[in-house]
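The values are calculated or read from the model by the stated rules, or taken from the named source; none is laboratory data. Given the structure is predicted, the values throughout are model-derived calculations rather than measurements. Cβ: placed from backbone, ideal geometry, glycine included. Neighbour counts: every protein chain shown. Protein only, heavy atoms only, side chains kept; ligands, DNA and RNA dropped before computing areas. Shrake-Rupley method; radii C 1.70, N 1.55, O 1.52, S 1.80 Å.
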Amino acid sequence: MEVLSLINQQHNVISTEFLFQPYTVKKLTLSSRIIMSPMARAFSPDGVPGPDVAAYYRRRAEHGVGLIITEGATIEHPSASSEPRLPHMYGEAALHGWAEVVKQVHEAGGKIFPQILHLGITRPSGSQPHPEAESLSPSGVDMEGTQVGEPMTEAEIATVIQAYADAAANAQSIGFDGIELHGAHGFLIDQFFWKTTNRRTDRYGGDLQKRTQFAVEVVMAVRAAVGPDFPIAMRISQWKMNDYQARLFDTPEQLEQFLHLLVDAGVDIFHCSTRRFWEPEFEGSELGFAGWVRKLSGQTTITVGSVGMPDEPEAGADKATHPGMSELMKRYEQEEFDLVAVGRALLGDPAWAAKIREGRVSEIQAFTPEVLATLH
């Protein structure tokens, strides 16, 4: 029997073996339950990932990350991106670059999904690479609720939905193992979910079911493009980039209605983004966001939010102490999640997973903002 990986934390010896058990979703088997969380890096000139990007992702796969979810790759739409160095999921050059990324990750024993996105109204007006393009949003309303433009027409909605499907088909064609749709943090799909930014009165706006319709049609179009066996994940969140206190759901019942619509459309995996994975989501229960999503949806669930980070809170955060691996283990044993996404800790140290498994915690290189300057 393999020797358990142990970590000494807060005077307790905590087994991390559960992180390194295989996991299967549909026909895809991951070698471990550690996921590399998608984090924008913008090292892809003209949207094309190069050998440095391939090596960056390969390093994580070599050290025990079971699934890499790439930084957001934009769909083919002029206002999808705000920065010419953000990668695309379209065009011959970009797809050739991504094919090499996939090859490198697979050679290292890992699996990989691209995260596919459109920024929507979070894209500043006049952004490159298409400054002439108007930023899209459900109602022409920005994240603060101010009217700044015109609502998307139904023709524009149909075009964007098709672009999501095309991006997913592109990803499948070059060997990716599945895809993730970015439906969180205030980007375009999430803007349809949120009452502040969706004030439509047609079939895409109104009550929660109608505000979910755009995402449902995106998922259905993607599923039609990739077939029944290709995993589709969706990242979801309550919080927005401009509002950590934002809430889509005030009750578990609202969340359940939302989840069932997306499951019926074809979502296999929910990636549940919170700032701190251990915080309760609804009053009267200790369940976190991922725990509620798993309980209510029955689907594969990823927890994420400050996993592997030190005790010191972020600037501006409350003074709650990070509970560490003991809390992660407890919540896993309570079946709150299936997979664990790690973000900044993996940016700070590509070998984070291997060092956790081997008990070499003292050797972990801590995340610092300086690592963002390079593809570490």
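Observations, loosely collected:
- Highest mean packing comes first when the peptides 204-212, 124-132, 83-91 are listed by Cβ atoms within 10 Å, giving 83-91, 204-212, 124-132.
- Per-q log10 I(q)/I(0), the range 75-206, q = 0.20 Å⁻¹ (Debye; single scatterer per alpha-carbon; no solvent): -1.13
- Once the Kirkwood radius over Cα pairs is known for the range 188-239, the Stokes-Einstein relation at 25 °C and 0.890 mPa s delivers a diffusion coefficient of 207 µm²/s.
- Rounded to the nearest 20 debye, dipole of the range 49-132 from Cβ charges on Lys, Arg, Asp, Glu: 280 debye
- For the range 33-108 versus the range 113-172, the gap between their alpha-carbon centres in whole angstrom: 20 Å
- Number of Lys pairs (Cα under 28 Å; 8 or more positions apart or on different chains) in the chain: 24
- Using only alpha carbons, the chain has a radius of gyration to Kirkwood radius ratio (Rg to Rh) of 0.95.
- Phi-derived couplings, Karplus 6.51 cos²θ - 1.76 cosθ + 1.60 at θ = phi - 60°, listed residue by residue for the range 236-247: 10, 7, 7, 6, 10, 4, 9, 7, 5, 9, 4, 9 Hz, with x used for Gly and Pro.
- Full-extension gain in nm, residue 55 to residue 244, via 0.36 nm per residue minus C-alpha separation: 64.7 nm
- Under Karplus coefficients 6.51, -1.76 and 1.60, residue-wise ³J(HN,Hα) of the range 351-359 in Hz, glycine/proline x: 9, 3, 4, 4, 5, 5, 5, 8, x
- Residue 127-residue 370 pseudo-label distance in nm [points 7 Å out on the Cα-to-Cβ vector]: 3.0 nm
- Within the accessible surface of the chain, defined with a 1.4 Å probe on protein heavy atoms only, the carbon and sulfur portion equals 51 percent.
- Kyte-Doolittle mean at least -1.0, axial Cα span of 24 Å or more - DSSP H helices of the chain: 154-173
- Ellipticity estimate at 222 nm from DSSP helix runs (n ≥ 4, -39,500 (n - 2.57)) divided over the chain, nearest 500: -9000 deg cm²/dmol
- Looking at the range 38-181, the DSSP beta bridges with both ends there are about 10 percent antiparallel.
- Taking the DSSP bridge list for the chain and keeping only pairs wholly inside it, about 20 percent are antiparallel.
- The range 165-212: Rg to Rh, with Rh as the Kirkwood radius over Cα pairs: 1.14
- Listed peptides 324-330, 23-29 appear in the order 324-330, 23-29 once ranked by packing, highest mean of other Cβ atoms within 10 Å at the front.
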